[in-house]
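The values are calculated or read from the model by the stated rules, or taken from the named source; none is laboratory data. All values derive from a computational prediction rather than experimental measurement. Cβ sites come from the backbone with ideal geometry, for glycine too, and all protein chains shown count toward neighbours. Please note that ligands, DNA and RNA were not included when accessible areas were found on the heavy atoms of the full protein model with its side chains. Shrake-Rupley method; radii C 1.70, N 1.55, O 1.52, S 1.80 Å.
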Amino acid sequence: QVQLVESGGGLVQAGGSLRLSCAASGRTSSIHAMGWYRQAPGKERDLVATITSGGDTNYSDSVKGRFTISRDNAKNTVHLQMNLLKEEDTADYYCYVKIWGMNYWGKGTLVTVSS
C-alpha cells in the first residue's frame, strides 16, 4: 500500500501564492510519476501538473507560467508552487503517484481563492 499526505491548502486572495506538498510513504519504490489533479465543485477531476522520476514536467494550459511542480525523489515528496492565483483555481487538490502503471491518491487539500 501507498499512503499520500497532502498539506498546504487554505484560503488566499486572488494574486496570492500557496505551496502544496505531498509526502508518499509505504511501498514507494519504483515511483514513476507524481503530480496533482484538482476538482472544482460540480466538475470533473482534471490534471494540474505532473513530474516524472527523471524530472520531465507537464502542466495544464490553465496553470502554465503560474504553477511550478517539483519533487524530491529521495524523500518521495512532490510540491506545487502556485503563484498568481485566480478565483478559478479554487478546488480540492489531489496528489497522486504512479507506480507500475497504478495511480494512488491522497485525500485532497482544499484551495480557496477569494476576490
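I want the local charge near D89. Using Cβ-Cβ distances under 11 Å, sum +1 for each Lys or Arg and -1 for each Asp or Glu among the other residues. Residues close to D89 contribute a combined charge of +1.
If you take the square roots of the eigenvalues of the alpha-carbon gyration tensor of segment 26-73 and sort them as a ≥ b ≥ c, do you get rounded (a/c under 1.5), prolate (a/b over b/c) or oblate?
Details: a/c = 3.00, a/b = 1.48, b/c = 2.02.
It comes out oblate by the Cα gyration axes.
Of the solvent-accessible surface of segment 1-100, computed with a 1.4 Å probe over protein heavy atoms with every protein chain present, carbon and sulfur atoms account for 47 percent.
If the only charges are +1 at each Lys and Arg Cβ and -1 at each Asp and Glu Cβ, what is the size of the charge dipole of segment 55-94 around the Cα centre, to the nearest 20 debye? Could the numbers behind the result be given before it?
Values: 5 positive and 7 negative charges, 42 e Å.
Approximately 200 debye in magnitude.
Backbone phi angles across segment 36-49, fed through the Karplus curve with coefficients 6.51, -1.76 and 1.60 (θ = phi - 60°), yield HN-Hα couplings of 9, 10, 9, 9, 8, x, x, 10, 7, 6, 10, 5, 9, 7 Hz in residue order; Gly and Pro are listed as x.
Restricting to Cα pairs below 8 Å that are 6+ residues apart, what does the relative contact order work out to for the chain? Please round to a whole percent.
Over the chain, the number comes to 37 percent.
Which one, V111, I69, V48, is farthest towards the positive end of the dipole of the chain when Lys and Arg carry +1 and Asp and Glu -1 on their Cβ? Working it through, the farthest residue towards the positive pole turns out to be I69.
For the chain, just say rounded, prolate or oblate: build the C-alpha gyration tensor, square-root its eigenvalues into a ≥ b ≥ c, call rounded for a/c under 1.5, and beyond that prolate if a/b exceeds b/c, oblate if not. Intermediate results must be reported in sequence, preceding the final value.
On the way: a/c = 1.89, a/b = 1.70, b/c = 1.11.
Since a/c reaches 1.5 and a/b is larger than b/c, the shape of the chain is classed as prolate.
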